[in-house]
Each structure stands twice: as C-alpha cells, then as structure tokens.
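This report refers to the structure that appears directly beneath it.
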Amino acid sequence: MVILETIAVIQTANAAISAVKELVGNGKDLMDCGKELGEYFGAKSKIQMKADRNGSGSGLEAFFALEKLKQQEKELKEIMIYSGRGGLWDDWLAFQANAKRQRDEALNAEKAKRAKKLKVIKEVIYGGAIALSILCAIGIIGFMFWWISQQSK
C-alpha cells in the first residue's frame, strides 16, 4: 500500500512539472503555473518525508524518486531564471524554506497536542486506579469490621 501511495505521489509530481514545462513552452508566464508548482512541491514534500524514514523498501524507493524530482527541479530552476523575473529563484527558495518551517511547526504542534492528550489519559487512568485501590481498601476494612462483629455474636 505504501508503495502505491509513493507511486501516486511521484505521478502527481511528474504531471505537475510536465504541465509547467508545457505551459511555459507555449508562452504562458511562470506566474500562471502556481497550481502546478504547488502540486509539484507538495508531492516533493510528501516524498521527502517518506525518504527520511529509515529501514523500509518504500523509503529507498522514495529516496530515488526524490533524486529524480531534484533533477526536475534543476530544470525548473532554469525555467525560473530564464522565463521569470530577476531573483525569482532566490525568492522561491526563501518561500520554500518558510513553508517547510511552517510545516515543521505544525507537525511539532500536533505532536505536542498528542503528547498532552496521552498525558491526560494516563493521569485519568492512574487517578482511577488510585481511587479504585482506596475504595477496595475501605471495602476490605469495612468487611473486616463486619466479620469481626459477626464473630463476636
């Protein structure tokens, strides 16, 4: 299943970069390719996350897919340099770095939220176990008093 997801993401990236090349080749402005560029770099981000995981065959596949996307990105760089405005590539790199930072912050916030939720669940379970232990102790003590009172009759 993971391999199929990786293939789908790679196909999305390939289709997006092909669309950008075709649009620019047909005289469109690079600024008109925002949707396709967004799809391409979204797919690249997903593949990067898969490639960063260790120890699986799909990670190796994602690594090589990422290498292919890097080659395509070199072509995109040339398109941006020659078909775009001056400094567009540098601005694009800054935008990507900012987007990555925001994704990382969102991921860290999600992890912190999950950790906090897990901590609350553990505290509830521990509190319940302590309350149950206290009630059992009270019940045992009550039973002992009842048993002793029954023995003296």
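The table that follows gives values for the structure above.
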read-out: In region 84-107, the residues that are part of a helix (DSSP H, G or I) and of a type in the set (Gly, Ala, Ser); value: Ala94, Ala97, Ala99, Ala106
read-out: Qualifying residue in region 117-132 (condition: in contact (Cβ under 8 Å) with a residue 12 or more places away in the chain and either part of a helix (DSSP H, G or I) or among the polar types (S, T, N, Q) (or both)); value: no
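Read the figures in this text as sums done on the coordinates, not as results from a lab. Source: prediction; values computed, not measured. Cβ coordinates were reconstructed from backbone atoms using ideal geometry, including for glycine residues, and neighbour counts include every protein chain displayed.
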